[in-house]
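Below: the structure, in structure tokens.
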Amino acid sequence: MGEAGKNGAPLRIALVLRGIEERQGTGVYTRNLTDELLAMDRKNEYVLFYSNPDLLGHYSQYDNVTERVLRAPGKLLWDQIAVPLAAAQEGVDLIFHPKFTVPLLSRRPTVMTIHGSTWFVHPELYTRAAIAYIKLFMPLYCRKARYIISNSDLTSGDFIRLVNVPPAKVQTIHLGCNKEFHAITDRVHLEDVRRRYALPEKFILAVSRYDPRKNFKNMIAAFRALRQRIPCKLVVTGLRCEKYREEYALDADGTADDVQFLGWIEHDDLPAIYNLAHCMFFPSVYEEFGIPSCEAMACGCPPVISKTGALPEIAADAGVLVDPFDPDDMATALERIWTDDAFRAEHARRSLERAKAFTWRGCAEKTLKVFEGVMSGALPPHD
């Protein structure tokens with residue numbers, strides 16, 4: 001390990017990819033960051049650690065990549081025992097875990113990415129067991145990590161304030177947006193997607209998996225208030241989102257007549273659905289980044305978003321900000337963007353411009369600089 005990274009010497013980097021198959025945010029981050037790192041960096045060597053043997057060979061086109069499957073009974077032992085043992089066997093210089101953990105017993109420098117601080121800010125949204133685990137292990141992970149990457153300035157600030165992470169030890173690197181999310185001009189394709197999903201001519205799109213953090217209770221209260229003012233339609237996508245229908249009694253007052261649940265939508269069709277939507281409604285309680293807001297902006301779909309969390313940081317002036325705890329405030333914002341064409345057009349223009357700031361190539365380039373900075377001794381900076 002001695003001279004690795006110094007004077008431009010190649011590194012041997014372990015990527016811990018236990019979560020690469022997850023559908024949600026951390027999985028999206030892990031897949032896209034790995035894709036971009038391996039595509040652009042031909043100088044350094046990478047050792048990929050999988051938990052699923054079906055992934056072997058996924059990156060076999062790269063001659064600077066080694067792929068290994070690690071086995072252990074449970075995630076904790078996989079992260080804390082299997083990973084450092086394999087890293088030692090492979091002679092890696094640095095271990096990178098894209099999902100807020102590091103092997104505590106490893107002697108090698110480690111870098112991890114933290115994707116949010118909701119455990120500390122809104123502990124009521126988690127089980128007691130989850131909170132106990134985080135309170136015990138997260139401070140240990142933060143102390144052990146040589147350097148920490150954060151997905152937003154909000155997350156960086158929360159960890160500095162709540163977990164006592166030194167400011168010099170954490171850096172914000174915003175996530176990217178997949179290239180398939182863009183403005184679509186092919187009307188034939190758009191209308192084909194509209195037909196296949198039986199989408200209304202004009203609708204509000206909500207991207208909300210079944211999760212209390214997504215604030216569906218107040219979202220549907222806002223939509224109910226909006227329905228009292230103007231005729232409108234709501235389309236909801238997300239993993240298990242159809243469970244909301246019964247939980248919030250949408251059939252009882254006829255609200256279900258104007259709400260359509262699509263469930264999980266694969267990326268093949270989701271960009272077209274963003275393009276067809278009049279706006280995207282995302283009043284999450286405390287989003288630490290908010291990939292759906294990036295996807296919507298890249299498609300020219302103006303986001304109506306919470307003024308809490310990191311959503312204002314990500315959307316900047318493209319977002320229409322609302323109080324996620326005030327259904328009337330949300331209904332008023334939705335009514336304006338539904339009825340004011342000039343207002344909507346301006347936010348659609350701002351959305352397309354703002355989305356240019358979020359690319360996976362940019363995320364990968366900054367992440368690689370972190371790896372090289374850690375190994376050269378430049379990171380964390382010394383007083």
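The values are calculated or read from the model by the stated rules, or taken from the named source; none is laboratory data. Keep in mind the model is a prediction, meaning the values are calculated, not measured. FYI the Cβ positions are ideal-geometry reconstructions off the backbone, even for glycines, and counts take in every protein chain you see.
The number of residues in region 165-213 being in contact with a strand residue (DSSP E or B) (Cβ under 9 Å, 6 or more places away or on another chain), within 18 Å of HIS278 (Cα to Cα) and of a type in the set (A, V, I, L, M, F, W, C) comes to 7.
The set of residues in region 63-80 being in contact (Cβ under 8 Å) with a residue 12 or more places away in the chain and either within 18 Å of ALA130 (Cβ to Cβ) or among the hydrophobic types (A, V, I, L, M, F, W, C) (or both) consists of VAL65, VAL69, LEU70, LYS75, TRP78, ASP79, GLN80. Considering (1) within 30 Å of LEU125 (Cβ to Cβ); (2) at pLDDT below 95, the lone condition that LYS179 does not fulfil carries the number (1).
Selection within region 167-215: residues that are surrounded by fewer than 21 Cβ atoms within 10 Å (Cβ to Cβ) and polar (S, T, N, Q). The member of this set that is nearest to ILE230 (Cα to Cα) is THR185.
Within region 87-102, not a single residue is out of contact with any Lys or Arg (no Cβ under 9 Å at 6 or more places or on another chain), part of a helix (DSSP H, G or I) and of a type in the set (Asp, Glu). For region 310-325, the tally of residues that are crowded, with 21+ Cβ neighbours inside 10 Å and either of a type in the set (Phe, Trp, Tyr) or in a loop (DSSP other than H, G, I, E, B) (or both) stands at 3.
Based on what the data block shows, is LEU352 under 23 Å from PHE203 (Cα atoms) and in contact (Cβ under 8 Å) with a residue 12 or more places away in the chain? Walk me through how you get there before you give the answer.
Numbers: under 23 Å from PHE203 (Cα atoms): yes; in contact (Cβ under 8 Å) with a residue 12 or more places away in the chain: yes.
So LEU352 fits the description; yes.
Failed condition for PHE289, given (1) surrounded by 14 or more Cβ atoms within 10 Å (Cβ to Cβ); (2) closer than 22 Å to ARG194 by Cα; (3) in contact with a Leu (Cβ under 7 Å, 6 or more places away or on another chain), with all others met? Of the numbered conditions (1) surrounded by 14 or more Cβ atoms within 10 Å (Cβ to Cβ); (2) closer than 22 Å to ARG194 by Cα; (3) in contact with a Leu (Cβ under 7 Å, 6 or more places away or on another chain), the odd one out for PHE289 is (2).
Residues that are part of a helix (DSSP H, G or I), polar (S, T, N, Q) and over 17 Å from ASP41 (Cα atoms) do not occur anywhere in region 359-369.
Residues are listed down the side, and each one gets a yes or a no for (1) buried (at least 20 other Cβ atoms within 10 Å of the Cβ); (2) out of contact with any helix residue (DSSP H, G or I) (no Cβ under 6 Å at 6 or more places or on another chain):
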{"position": "THR308", "(1), (2)": "yes, yes"}
{"position": "GLU346", "(1), (2)": "no, yes"}
{"position": "ARG349", "(1), (2)": "no, yes"}
{"position": "ARG361", "(1), (2)": "no, no"}
{"position": "VAL370", "(1), (2)": "yes, yes"}
{"position": "ALA378", "(1), (2)": "no, yes"}
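With respect to the stated conditions, ARG23 fails to be surrounded by fewer than 19 Cβ atoms within 10 Å (Cβ to Cβ), among the charged types (D, E, K, R) and modelled with pLDDT of 95 or more. Going by the conditions given, is GLU242 without any contact (Cβ under 8 Å) to a residue 12 or more places away in the chain, surrounded by fewer than 22 Cβ atoms within 10 Å (Cβ to Cβ) and more than 22 Å from ILE337 (Cβ to Cβ)? So GLU242 does not fit the description; no. Considered as a group, the residues in region 292-306 that are more than 14 Å from the chain's Cα centre (by Cα) and among the aliphatic types (A, V, I, L, M) include one that is surrounded by the most Cβ atoms within 10 Å (Cβ to Cβ), and that residue is MET297.
Going by the conditions given, is ALA87 without any contact (Cβ under 8 Å) to a residue 40 or more places away in the chain, over 24 Å from the mean Cα position of the chain (by Cα) and buried (at least 16 other Cβ atoms within 10 Å of the Cβ)?
Numbers: without any contact (Cβ under 8 Å) to a residue 40 or more places away in the chain: no; over 24 Å from the mean Cα position of the chain (by Cα): yes; buried (at least 16 other Cβ atoms within 10 Å of the Cβ): yes.
No; evaluated as a whole, the condition is false for this residue.
Residues in region 129-156 that are under 18 Å from TYR286 (Cα atoms), touching a residue at least 40 places away in the same chain (Cβ under 8 Å) and surrounded by 14 or more Cβ atoms within 10 Å (Cβ to Cβ): 4 in all.
Looking only at region 182-209, filter to residues that are under 22 Å from the mean Cα position of the chain (by Cα) and more than 28 Å from ASP35 (Cβ to Cβ); which one of those is modelled with the highest pLDDT?
Among them, the one singled out is ILE204.
Restricted to strands (runs of 3 or more DSSP E) entirely inside region 8-70, those with at least 2 residues that are within 26 Å of CYS294 (Cα to Cα) are 12-16.
Within region 279-301, can one find any residue that is in contact with a Lys or Arg (Cβ under 6 Å, 6 or more places away or on another chain), closer than 28 Å to TYR29 by Cα and either in a loop (DSSP other than H, G, I, E, B) or of a type in the set (Phe, Trp, Tyr) (or both)? The answer is yes; a qualifying residue exists.
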